[in-house]
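K.L.:
Sharing a structure with you now.
The values are calculated or read from the model by the stated rules, or taken from the named source; none is laboratory data. All figures in this text were calculated on a predicted structure; none of them were measured in a lab. So basically every Cβ, Gly included, is an ideal-geometry build from the backbone, and we count neighbours across all protein chains shown.
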Amino acid sequence: MAADASDASTLAVLAPAPPQPQPRGIYLLFGVEMWERFSFYGMRAFLALFAADATRGGLGWSQASASRLMSFYALACYSLPVLGGWLADRFLGTHRTMVIGACIIAAGHFTLALPTVPTFFLGLALVAIGTGFFKTNASTMVGQLYQPGDKRRDAGFTIFYMGTNVGAFLGQTICDYFAERPQWGWHWGFGWAGVGMLAGLILYLSLRRKVLAGIGDVPNRQIAAATERPPAEPLTSEERDRLVALLVLFAFTIVFWMAFEQAATSLNFFAQDRTDRMLGSFQIPAGWFQSVNPVVLVLAAPFFAALWVSLARRRREPSTPTKMAIALVLVALGYVFMVLAARRADHGTLVSPWWLVAAYSFHTFGELCLSPIGLSFVTKLAPTKMVALLMGTWFFATALGEFLAGQFAALADQIARGEVFHLLGGQADFFLVLVVFPIAVSVPLFALTPWLRRLMHGRDT
């Protein structure tokens, strides 16, 4: 019996420890992010279509002007998180800043539901300001659930990112359905977006004390003062290296988002005007095609997670910079389908919706190589006293990409008419740029990867 006990204790030591469960707070943050993204993507699905509509109570603008509206709106939504992150780091803490943002977002959507031009612009401004307070701090709170070196961090961010995509799918399906149905109208879509944000706020305030007690209450600057060096002390050499690596990668992500975020503008108008959307007697709303992205992401995410784990076991998992370079290649490959679709549509026929489905699928594969790992990456490399600020900077890079996406989409008709250049002719030339440019940018990122990994000082895992 003694020998058996000894063997049992030896096996207990040698056996791998069971995986630790995720903190309960991650599931609440999943739900809050889901509802916030319900409201954000629900409105994004039809905002440009509303601006370009002249028959059902829209603004009646040109598609170029509607695309520029999207570019400025997205720039505001994704650049203001820098301010929100700074306020959270120094004064408010992530919890208070996020609650303030949720309240402002809900107010903005309900203001948009009022059918007047002044309330439209006021509502857009409120949503953008509220997103600035909310967006960076929800992501930062996920990172605050884990201690440095906690192996559950990446999985936690994956769960959180699933909330983004579940919310995006539901919002784009529900809000856009009401917005594009003649018996309801655009402002019903805006109103449903507000309902989603209000639901997320109620959920958060109801359960926060149980599963997130203490998380996000203290500004990160005060945490840094207690656990590291005084906040006013300069960054160390290693911290500066990590900061440089982050900023370089932020710059490359701008190009990815410029291509990816054509979904709300040029691809949305292609779905509306050049795609056969009839399914029997039912006409698929144009905005619904954007839902391909979250559906494919949820289905493909387990495959990508298993792929990274399998490669890691063989010590062949790509580094974060390499994954981001692969993302640029994948988003470019998606536009190969759009070049082919545009060639057919330029002959005056409505094309199969499967062209858009194929393009969105490859864009989603690229997103899986860049976005969820990027959120975790920021919390790994950023100094504690400025983690929310740098999370805001990550979203500011997205803001620049979104702005360029809308500005480039505004040139679609000019490029199609051959006024800028002429290669294939028609709208195929517009999409051809989105094939060539991301691939060209991926080349220097592949080349810079060894240097970037040295700057990370082993924090890429």
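K.L.:
Find all pairs meeting these conditions: Cβ atoms under 6 angstrom apart; at least six residues apart or on different chains; first residue within the range 91-102 and in contact (Cβ under 8 Å) with a residue 24 or more places away in the chain and more than 17 Å from Leu389 (Cβ to Cβ); second residue of a type outside the set (Gly, Ala, Ser) and surrounded by fewer than 24 Cβ atoms within 10 Å (Cβ to Cβ).
P.N.:
Close Cβ pairs satisfying both conditions: Ala102/Leu201.
Here is a yes/no grid of residues against (1) in contact with a helix residue (DSSP H, G or I) (Cβ under 9 Å, 6 or more places away or on another chain); (2) buried (at least 21 other Cβ atoms within 10 Å of the Cβ); (3) not β-branched (Val, Ile, Thr):
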{"position": "Gly406", "(1), (2), (3)": "yes, yes, yes"}
{"position": "Leu411", "(1), (2), (3)": "yes, no, yes"}
{"position": "Gly418", "(1), (2), (3)": "yes, no, yes"}
{"position": "Leu423", "(1), (2), (3)": "yes, no, yes"}
{"position": "Val435", "(1), (2), (3)": "yes, no, no"}
{"position": "Pro438", "(1), (2), (3)": "yes, yes, yes"}
{"position": "Arg454", "(1), (2), (3)": "yes, no, yes"}
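K.L.:
A further question follows. Do you know which of the residues in the range 391-413 that are at pLDDT below 95 and of a type in the set (S, T, N, Q) is nearest to Ala341 (Cα to Cα)?
P.N.:
Thr398
K.L.:
Give me a count of the residues in the range 300-340 that are part of a helix (DSSP H, G or I) and among the charged types (D, E, K, R). Spell out the reasoning first.
P.N.:
Keep residues of the range 300-340 that are part of a helix (DSSP H, G or I), which gives 300-313, 320-340.
Still in the running and among the charged types (D, E, K, R): 313, 323.
Residues meeting the conditions: 2.
K.L.:
Restricting the range 230-275 to residues that are outside any helix (DSSP H, G or I) and loosely packed, with under 13 Cβ neighbours inside 10 Å, which is modelled with the highest pLDDT?
P.N.:
Filtering the range 230-275 for residues outside any helix (DSSP H, G or I) gives 230-236, 265, 275.
So of that shortlist, the ones also loosely packed, with under 13 Cβ neighbours inside 10 Å come out as 230, 232-234, 236.
On the way: Pro230: 56, Ala232: 58, Glu233: 70, Pro234: 79, Thr236: 84.
Across the range 230-275, the extreme among qualifying residues is Thr236.
K.L.:
When both residues are 6+ apart or on different chains and their Cβ atoms are under 9 Å apart, which pairs have a first residue that lies in the range 344-361 and is polar (S, T, N, Q), and a second that is surrounded by fewer than 17 Cβ atoms within 10 Å (Cβ to Cβ)?
P.N.:
Note: pairs meeting the criteria are Thr349/Asp276; Ser352/Asp276; Ser352/Arg344; Ser361/Ala300.
K.L.:
For the range 15-64, give me the residue count where each residue is β-branched (Val, Ile, Thr) and assigned to a helix (DSSP H, G or I). Quick ask: steps written out before the conclusion?
P.N.:
Restricting attention to the range 15-64, the residues satisfying the condition of being β-branched (Val, Ile, Thr) are 26, 32, 55.
Right, trim to assigned to a helix (DSSP H, G or I) and you get 26, 32.
Selection size over the range 15-64: 2.
K.L.:
Now for a different question. Would you be able to say whether some residue in the range 341-357 is buried (at least 19 other Cβ atoms within 10 Å of the Cβ), at pLDDT 95 or above, in a helix (DSSP H, G or I) and not small (Gly, Ala, Ser)?
P.N.:
yes
K.L.:
Sticking with this structure for a sec: List every residue pair whose Cβ atoms lie under 6 Å apart, where the two residues are 6 or more positions apart in sequence or sit on different chains, the first residue falls within the range 49-65 and is surrounded by 17 or more Cβ atoms within 10 Å (Cβ to Cβ), and the second residue, located anywhere, is charged (D, E, K, R) and in a helix (DSSP H, G or I).
P.N.:
none
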